[in-house]
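Everything on this sheet refers to the single structure shown next.
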């Protein structure tokens with residue numbers, strides 16, 4: 001099981017000596033840092049909090065195919081995350097050019113309305129079969145929560 005938490009929650013928890021996140025990790029749960037790049041974004045914090053996955057905020061993804069500086073920044077974050085043993089998910093992928101640019105930078109997974117909208121659990125099997133060779137990160141809506 002993986003917990004997805006915003007970077008502000010993860011990094012604030014690091015200052016707590018009884019960190020619940022560290023305890024969750026010790027029990028085998030994985031942690032994903034969501035919206036990376038929108039708040040604290042400290043490399044020192046990344047080193048201290050060993051998370052399984054880093055989710056790049058849409059602000060870094062937007063126009064990456066046309067903006068050389070954005071591409072350099074994303075490439076750097078991907079390399080650092082990989083060096084620390086993390087997968088990288090690009091959030092907010094809306095167009096094929098963004099996905100191609102991110103794939104060229106070794107981004108591990110993509111998430112966004114350009115790939116798929118959030119789905120009910122019973123629709124996921126077909127979606128995964130459709131994208132079996134791709135790098136798709138699917139958000140699921142539990143039917144009980146969607147009502």
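At full extension, residue 12 and residue 24 could sit 2.8 nm farther apart than now, given 0.36 nm per residue minus the alpha carbon distance.
Ordering 78, 89, 95 from the fewest to the most neighbouring beta carbons within 10 Å gives 95, 78, 89. Please compute the modelled spin-label separation between residue 76 and residue 95, points set 7 Å along Cα→Cβ, answer in nm with one decimal. It is 2.5 nm.
Bear in mind these aren't lab numbers, they're just calculated from the coordinates by the rules spelled out. Small disclaimer: the values here were computed from a predicted structure and weren't measured. So basically every Cβ, Gly included, is an ideal-geometry build from the backbone, and we count neighbours across all protein chains shown.
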